[in-house]
Amino acid sequence: MSITTVANNILQVTLNVITYSLLNAAVQAQVVPDATLRNNSIVTSQHQNITITGGTQTGANLFHSFLQFSIKNGENVYFDNAPRVNSIILRVTGRDISNIDGLIRTAGNVNLYLFNPNGIYLGKNAALDIKGSLYLSTAESWKFPHGVKDVDNPSLLHISVPIGVQWGSTGNIQVDANLSAQNLNLRANNITITGNLTSSGDITLEATNKLMINDKATVSVSSQESGASGNLQLVTDNLTIEGGTVSAKTITEGGNVNVYASSLLTLRQNATISTVSIGKGNGANINIEAGFILVNPNGDNDITTNVMQDGGKIKISSNAIFGLEKRRSPTGRSDILVTSPALSNSNINITTLNIDPNRGVTQLPTSIIDVSKQINQTCSNQATTNRFVIVGRGGLPLNTTEALSVNSGWIDWRHIDEVQDNQGDDVSTQHQVVEATAWEVENGAIQLVASHKANWQQMVNGCNG
């Protein structure tokens, strides 16, 4: 083997190693910082453990900015923040969604904010180990106090945590995981929940377009020990709860469920909106404001409260309610009811334009009903063979090829007025030149003619039969 061959083999092996390393780095590079902050984030990976340090800290706030932020199944991302940090704020400046299917941990009692306009997905294996609150948003920017937006300018980092997000993003959020935090706040264009969200504080889900709670998913708040529970708020244009549960449980105060669906609220497949109060207090109320409420009347879709003493009020405001009925006890069908030893259905307040939910749903007919009597029933699909009837009028023949014959004379009683002759000057015309098709001999002279006399004579005789 020549020296050249050996050198080529070594070079090829080296290129293969470099290529494999680059590809492996591209696969492993799920958390990639950018260089947009004054002090950039630092990512250190060891096997499946990823530690994030650095970032720009001002006061109690720590800002991180990433080109990509995704966590694979089995990976553990740990934010090693200083003890003085109360809030960690992450943003994604790249074009990829955040696909989180591993564990996120923070040090101390820290709130975690994640902003990605492209979208956020939390898989079934996603988990949280944070003692503070979780805020997820696909908004393109967020609002701070004093009217300041975003953190593109490092000099703005002295301000406090975001107080609101700005709408306009088309990114979506989907949660298939079981998540729990002190408070949970999700805001996006569309939000889909198929896992479980629980909190002892507040849960707020805001979707500009659609919010869906499906596949036996639960969104619930509950109080711990003897404290007051947080409240649950759903805000969207179109809310669908299909086989899911929205609930709040309290011992004293709180535990209220507020639903705002500007266009439509749909309940299907044993969906439930419920509150429970097992102590004294004015909590466990349900407030629903929806453009329309549509429920399958034959299913077991319920809006209920169960209280021991005070609270437990149900207030519904809608243009129309279809499929729900106010009842005194559960029936296995779609109910609106208050279960309490001291209260009754007087705690239910329903406001609609002109629909009484106690009347139920009216079965529409399958056949056509002509209220205005404008449909001609003689031309139905049950008519016999089509016919066209011709009736002669004024002595005219029924067929244009038939000869005109009248049995009696025509008498015209109209008065003939004198008509002034306004004839104009005669206009001389030339005889039309016709191509000759035959010739005849008459008195010894040959004449070119258009046709023989015998031909047109036969035609006239043929018309007379």
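Here, each number is a calculation from the coordinates, and none is a lab measurement. From a predicted model like this one, the values you see are computed outputs, not experimental measurements. Quick reminder, even Gly has a Cβ in these numbers, built from the backbone with ideal geometry, and neighbours come from all protein chains shown.
Of note:
- The order of the peptides 296-305, 247-256, 271-280 by mean Cβ neighbours within 10 Å, most packed first, is 247-256, 271-280, 296-305.
- For the range 218-346: rounded, prolate or oblate by the Cα gyration tensor [a/c cutoff 1.5]: prolate
- The range 227-265 and the range 271-340 have their alpha-carbon centroids 11 Å apart.
- Considering only Ala290, Thr304, Ala217, and ranking their Cα positions along the charge dipole of the range 194-361 that arises from unit charges at the beta-carbon of Lys, Arg, Asp and Glu, the one farthest toward the positive end is Thr304.
- Put in line by how crowded their Cβ is, counting other Cβ atoms within 10 Å and starting with the fewest, Met212, Met308 read Met308, Met212.
- Remark: the Gln46-Gln309 segment gains 89.1 nm on full extension, using 0.36 nm per residue and subtracting the alpha carbon distance.
- Dipole axis of the range 67-106 (+1 Lys, Arg; -1 Asp, Glu on Cβ), positive-most option in Asn86, Ser98, Asn73: Asn86
- Burial order of peptide ranges 120-132, 59-71 (average beta-carbon count within 10 Å, highest first): 59-71, 120-132
- In terms of its alpha-carbon gyration tensor, the range 298-338 comes out oblate; a/c meets the 1.5 threshold, while b/c is at least as large as a/b.
- Once the chain from Thr339 to Ser263 is taken as fully extended at 0.36 nm per residue, the excess over their C-alpha distance is 24.5 nm.
- Given R0 = 60 Å, the distance between the Cβ atoms of Phe292 and Thr58 translates into a calculated FRET efficiency of 0.80.
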